[in-house]
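The values are calculated or read from the model by the stated rules, or taken from the named source; none is laboratory data. Note that the structure is predicted; figures quoted are calculated from it, not measured. So basically every Cβ, Gly included, is an ideal-geometry build from the backbone, and we count neighbours across all protein chains shown. The protein model used for the area step is the full one, side chains on, heavy atoms only, and it has no ligands, DNA or RNA in it. Shrake-Rupley method; radii C 1.70, N 1.55, O 1.52, S 1.80 Å.
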Amino acid sequence: MNVTVFGATGAIGSLTVAELLERGHRVTAYARDPAKVPASWRDQVKVVIGEMSDAAAIDSAVAGADAVVSALGPSMDRKATGLPLVAGIGHMLDAMRRHGVRRYIGHATPAVLDPLEKPTPVTRLIGFLPRTFMRRAYDEITGMSGLVTGSGLDWTIVRFIAPKDTPQQPRVRAGFFGTDKLGFAVSRADIAAFTAAQVEDPTYIGRAPAISN
């Protein structure tokens, strides 16, 4: 499949690109900074450079895709202002509709609930902390997710709490708070592998599974 990855040069995004390539997909990577594009991508990955405010560049990256993956997450910099990723996701979803691309996979935290999930002590805590101490980041991740869940597309949002720079683990738990047993930590490698797998797996269409090790 042709898969466009936004946030492709980030810690999870670059691992996701590698997973998609390993699974035999063709990848278009959307990145802000050409200096961060790995040299190893030169002959394997089509790269589109642009800001999340550049609707034309986003449109060109989405054109011809069978699926779109967003590894974007809000900046934790307290000096950051505005909600640039909300606007960027809007451009992305508009481009998907124009080009007839239905499959979208993105990321969030349990501050965003699955449509069939009820709040639990964990989801309340994960919502309370950023809402209280990092309000801009909270508004961005909930704003991004709201656009996606209301898009009418075949979306999946992969949620996680505490990503770690550890190798893939023998077991990944996936499910929903209140009904499934889930932990806190998860390796970025496992997030990338689970995200890449959703491109072809319809199990979680219209759902927001949480994952942990």
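Amide H contacts of residue 156 (H built 1.01 Å from N, in plane; Pro and chain starts excluded): 104, 105, 106, 206 sit under 5 Å, all sequence-distant by 5 or more or on other chains. Under a Gaussian network description of the chain, with springs only between Cα atoms under 10 Å, the residue in 156, 123, 179 that fluctuates furthest is 179. Only one of [x] 9, 36, 39, 15, 1; [y] 8, 30, 38, 20, 4, 0; [z] 8, 32, 34, 20, 6, 0 was calculated from the structure for P(r) over Cα pairs in 10 Å bins from 0, in percent, and its label is [x]. 3J(HN,Hα) couplings calculated from phi for the stretch 182-189 with the Karplus curve 6.51 cos²θ - 1.76 cosθ + 1.60 (θ = phi - 60°) are, in sequence order, 10, x, 9, 7, 7, 6, 4, 5 Hz; Gly and Pro show x. Note on residue 81 and residue 125: with the Förster distance fixed at 22 Å, the Cβ-Cβ geometry gives a FRET efficiency of about 0.25.
Normalised per residue, the accessible area of the stretch 3-62 is 48 Å², obtained with a 1.4 Å probe and no contribution from ligands, DNA or RNA. Of the solvent-accessible surface of the chain, computed with a 1.4 Å probe and all protein chains present, 54% belongs to carbon and sulfur.
Near the amide H of residue 47, within less than 5 Å, lie the amide hydrogens of 29, all on another chain or at least 5 residues away, with H placed in the peptide plane. Of the residues 177, 194, 128, the one that moves most in a GNM of the chain with alpha-carbon contacts below 10 Å is 128. Per-residue ellipticity at 222 nm from helix content only, as computed over the chain with -39500 (n - 2.57) for each DSSP H run of at least four residues, stands at -11000 deg cm²/dmol. Pairs of lysines in the chain whose Cα atoms sit within less than 27 Å of one another amount to 7, provided the residues are eight or more positions apart or on different chains.
In order along the stretch 146-161, the phi-based Karplus estimate (6.51 cos²θ - 1.76 cosθ + 1.60, θ = phi - 60°) of 3J(HN,Hα) comes to x, 5, 5, 5, x, 7, x, 8, 8, 9, 9, 10, 8, 9, 7, 10 Hz; Gly and Pro are listed as x. Distance between the modelled labels on residue 22 and residue 2, one decimal in nanometres: 2.6 nm (7 Å Cα→Cβ projection). Largest GNM mean-square fluctuation across 125, 182, 153, computed for the chain with C-alpha springs under 10 Å, falls on 125.
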